[in-house]
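Student: Okay, here's the structure, questions in a sec.
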Amino acid sequence: MFDYCIVGSGLFGSIFAYEASKRDKKCLVIEKRNHIGGNCYTKSQEGINIHNFGAHIFRTDSQSIWDYMQQFCTFNHFINSPLANYKGEIYNLPFNMNTFSKLWGISTPKEAQEIIESQKNSALESLKGEPQNLEEQAISLVGVDVYEKFIKGYTQKQWGRDCKDLPKSIIRRIPVRFTYDNNYFNDPYQGIPKGGYTPIFEKLLKNCEVWLNTDFLKHREELQAKAKKILFTGAIDSYFDYQLGTLEYRSLHFEHETLGIPNYQGVAVVNYTDEETPYTRIIEHKHFEFGTQEKTIISKEYPQTWDKDKEPYYPINDEKNQALYEKYKNLAKNEKSLIFGGRLGEYRYYDMQDVIKSALELVKKELAQ
Ligand code: FAD
Ligand code: UDP
């Protein structure tokens, strides 16, 4: 008999499994994929660590989370400074003085602020009070030019919806700066684990039993009988067999290519911000770890409509889906020996640091001795 059956070997499940086994709890980890690590999984090819499910850049504003992670890896000094490619023109991201200078031929913050202010005022004349959707939010932050070139097309591709029909919270996470600073994140701690993410998961799961290629939902009764408690980090609606309706996600498709050249784009991430290019980003993996290999590997990231046969990557946290999630959360309260956690279990657009925080909070609540 196990103390916990943990469904999903992603970051949430693995952190919980590590902390529980440290406290002598017996854990069985069930994973439907053929590898551990969830979407953080990396694999080595041509001596390069491939971020198999999209660029994963670790960052946090919490010193305790940064310190916590040091037991499992050493971070390098990578700083994410992606580029935007708009119809062949290259601009710096996030939106900062380098972007504004190239866009408008200006050089001072005052000039940039005046342009944005006047574009915002004429575009949003009718707008009173707070912006209501992503388009209004974007225009109030950066004006019409930036919105049209870097946000509109990218966001519509990424989410498959018009910017007017998307929650403004999606765009809030991107910094807007009036300094010449290309660091995509504001967090004080940032890096890529040397050697990739998978070794972190090997350490996290070293004292647990792990079953790969096993879908919990297909062996539910047998697996429930094996443990006192279930921690489910898959999609909460899938656990309940979609009985209240289906939560919506956005899916992705990745195309990986090996090229016989040492350097394809000179930077780890390039966003294609026009509407016509079918992918949103190209990642060149070697640049995450300053690689000098003879070959290079790139991945194109294509957004996709989600259905039950595809991976659910991004929860769509609009009002309708949020209300449905609350109903599932209430349903979950009736189940005594069942806990939900993680990006899919909590239906939240969580980054790694949020997942670690949330998993450690659960540890405190669940495993306090
Ligand atoms: P997951 O990693 O999704 O793990 C859930 C696991 O459960 C999966 O392995 C799945 O196969 C398994 N599972 C589901 N259902 C079942 C079932 N029925 N039976 C058995 N197993 C099941 N975060 C950052 O901090 N920085 C970044 O740069 C960053 N970039 C990202 C880029 C992309 C494209 C995406 C999609 C996410 C990114 N993230 C990033 C977020 C990061 O991936 C997540 O925060 C983290 O992986 C979530 O961990 P999790 O354990 O909650 O979920
Ligand atoms: N975004 C954009 N243009 C860009 C980058 C991001 O419009 O060049 C918008 C888009 O809506 C995206 C959101 O900002 O979904 C958040 O971007 P982030 O890079 O944080 O997305 P993630 O890495 O989580 O996919």
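The values are calculated or read from the model by the stated rules, or taken from the named source; none is laboratory data. Remember, predicted model here, so these are calculated numbers, not experimental data. In this analysis, Cβ positions are derived from the backbone assuming ideal geometry, glycine residues included, and neighbour counts consider all displayed protein chains.
Student: Can you pull out every residue in region 15-48 that is crowded, with 18+ Cβ neighbours inside 10 Å and part of a strand (DSSP E or B)?
Tutor: Correct list: Cys27, Leu28, Val29, Ile30, Thr42, Ile48.
Student: Which one of the conditions (1) within 11 Å of ligand 1 (Cβ to nearest atom); (2) modelled with pLDDT under 95; (3) of a type in the set (Gly, Ala, Ser) does Ser251 fail to meet, given that it meets all the rest?
Tutor: (2)
Here's the yes/no breakdown for (1) within 19 Å of Ile297 (Cβ to Cβ); (2) surrounded by 14 or more Cβ atoms within 10 Å (Cβ to Cβ); (3) modelled with pLDDT under 95:
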residue: Ile50; (1), (2), (3): yes, yes, no
residue: Ala55; (1), (2), (3): yes, yes, no
residue: Ile90; (1), (2), (3): no, no, no
residue: Leu93; (1), (2), (3): no, yes, no
residue: Trp104; (1), (2), (3): no, yes, no
residue: Glu111; (1), (2), (3): no, yes, no
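Student: Give me the residue from region 332-362 that is part of a loop (DSSP other than H, G, I, E, B) and within 14 Å of ligand 2 (Cβ to nearest atom) and, out of that set, farthest from the chain's Cα centre (by Cα).
Tutor: In this case the residue turns out to be Arg348.
Student: Right, something else. Look through Lys365, Lys329 and report the one residue that is away from ligand 2 (no atom under 16 Å from the Cβ), in contact with a helix residue (DSSP H, G or I) (Cβ under 9 Å, 6 or more places away or on another chain) and either in a helix (DSSP H, G or I) or modelled with pLDDT under 95 (or both).
Tutor: Answer to the selection: Lys329.
Student: Read through the list (1) more than 7 Å from ligand 1 (Cβ to nearest atom); (2) not in a loop (DSSP other than H, G, I, E, B), then give the number of the only condition that Phe12 fails.
Tutor: All conditions are met except number (1).
Student: Take Gly245 and tell me if it is touching a helix residue (DSSP H, G or I) at 6+ places or on another chain (Cβ under 7 Å) and at positive phi.
Tutor: The answer is yes for Gly245.
Student: Kindly provide the set of residues from region 204-247 that are among the charged types (D, E, K, R), closer than 21 Å to Pro315 by Cα and touching a Leu at 6+ places or on another chain (Cβ under 9 Å), ordered by number.
Tutor: Asp237, Asp241
Student: How many residues are within 15 Å of Glu148 (Cα to Cα) and in a loop (DSSP other than H, G, I, E, B) when one looks only at region 81-92?
Tutor: 1
Student: Show me the strands (runs of 3 or more DSSP E) entirely contained within region 200-259 in which 2 or more residues are over 24 Å from the mean Cα position of the chain (by Cα), touching a residue at least 12 places away in the same chain (Cβ under 8 Å) and within 30 Å of Ala323 (Cα to Cα).
Tutor: 227-232
Student: Could you say whether any residue in region 309-324 is within 29 Å of Ser14 (Cβ to Cβ), in a strand (DSSP E or B), in contact with an Asp or Glu (Cβ under 6 Å, 6 or more places away or on another chain) and touching a residue at least 40 places away in the same chain (Cβ under 8 Å)?
Tutor: No: zero hits.
Student: Limited to region 138-170, what total is found for residues that are within 16 Å of ligand 1 (Cβ to nearest atom) and not charged (D, E, K, R)?
Tutor: Going through region 138-170 one residue at a time, the tally reaches 7.
Student: Working only within region 321-361, note down all residues that are among the aliphatic types (A, V, I, L, M) and either over 18 Å from Ser64 (Cα atoms) or surrounded by fewer than 19 Cβ atoms within 10 Å (Cβ to Cβ) (or both).
Tutor: Passing the criteria: Ala323, Leu324, Leu331, Ala332, Leu338, Ile339, Leu344, Leu360.
Student: Taking region 271-294 as the search range and keeping residues that are part of a loop (DSSP other than H, G, I, E, B) and aromatic (Phe, Trp, Tyr), which one is farthest from ligand 2 (Cβ to nearest atom)?
Tutor: Out of the qualifying residues, it is Phe290.
Student: Looking at (1) surrounded by 17 or more Cβ atoms within 10 Å (Cβ to Cβ); (2) in contact (Cβ under 8 Å) with a residue 24 or more places away in the chain, which one does Ile139 not meet, given that it meets all the others?
Tutor: Evaluating Ile139 over (1) surrounded by 17 or more Cβ atoms within 10 Å (Cβ to Cβ); (2) in contact (Cβ under 8 Å) with a residue 24 or more places away in the chain leaves (2) as the failure.
Student: Something else about it: Take region 239-270 and flag every residue that is touching a strand residue (DSSP E or B) at 6+ places or on another chain (Cβ under 9 Å), small (Gly, Ala, Ser) and away from ligand 2 (no atom under 16 Å from the Cβ).
Tutor: Passing the criteria: Gly260, Gly266.
Student: Scan (1) of a type in the set (A, V, I, L, M); (2) outside any strand (DSSP E or B); (3) in contact with a Lys or Arg (Cβ under 8 Å, 6 or more places away or on another chain) for the single condition Ile297 breaks and write down its number.
Tutor: (2)
Student: Mind checking which helices (runs of 4 or more DSSP H) fall wholly inside region 97-189 and carry at least 1 residues that are away from ligand 2 (no atom under 16 Å from the Cβ)?
Tutor: In region 97-189, the matching helices (runs of 4 or more DSSP H) lie at 97-104, 109-123.
Student: Mind counting the residues in region 188-203 that are crowded, with 16+ Cβ neighbours inside 10 Å and farther than 30 Å from Asp241 by Cβ?
Tutor: Of the residues in that region, 10 qualify.
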